[in-house]
């Protein structure tokens, strides 16, 4: 009992018994004011700059991998033709597919870059479309013939 009273008087145990809101309130008052000013919005220009940097890096790496894959394919072709082993040809086919997939990733990278760097206005105009219909006459061919024949009779 005495031990419990001593433990309750220590600040550590008292802190553990406080509620979550009490702890958060104490943290808010003790933390520097600079930590409260966290930047929550990112400007469009920052997104575009980061996207461009990542795009260039990714594009360069994919191109390097394609070049290395081409060298590996050349080596594997020589090995497969020398050994004439079915597994070597199977591996070679897999390398062709992997290289083709990397080339496809280059195209996909372009599409993603365009989506990310496109401004909101461009997205809105692209999604709304700009179809212009200039209809001179709306109706059936029979109505058009009657209209034209009436115009010819009036002009004569």
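Please go through (1) at pLDDT 75 or above; (2) surrounded by fewer than 11 Cβ atoms within 10 Å (Cβ to Cβ); (3) under 30 Å from residue 116 (Cα atoms) for residue 71 and return the number of the only condition it doesn't satisfy.
With (1) at pLDDT 75 or above; (2) surrounded by fewer than 11 Cβ atoms within 10 Å (Cβ to Cβ); (3) under 30 Å from residue 116 (Cα atoms) applied to residue 71, the lone miss is (3).
Does any residue of segment 84-91 turn out to be on the phi < 0 side of the Ramachandran plot, in a loop (DSSP other than H, G, I, E, B), surrounded by 10 or more Cβ atoms within 10 Å (Cβ to Cβ) and at pLDDT 55 or above?
Within segment 84-91, one or more residues are on the phi < 0 side of the Ramachandran plot, in a loop (DSSP other than H, G, I, E, B), surrounded by 10 or more Cβ atoms within 10 Å (Cβ to Cβ) and at pLDDT 55 or above.
Could you tell me whether segment 43-64 includes any residue that is modelled with pLDDT under 65 and not in a helix (DSSP H, G or I)?
Among the residues of segment 43-64, not one is modelled with pLDDT under 65 and not in a helix (DSSP H, G or I), which makes the answer no.
State which residue pairs qualify: first residue at pLDDT 85 or above and inside segment 137-149, second residue loosely packed, with under 11 Cβ neighbours inside 10 Å in any location, beta carbons under 8 Å apart, and separation of 6 or more residues or different chains.
none
The values are calculated or read from the model by the stated rules, or taken from the named source; none is laboratory data. Since this is a predicted model, take the numbers as computed values, not measurements. Backbone-built Cβ (ideal geometry, glycine too); neighbour counts: all protein chains shown.
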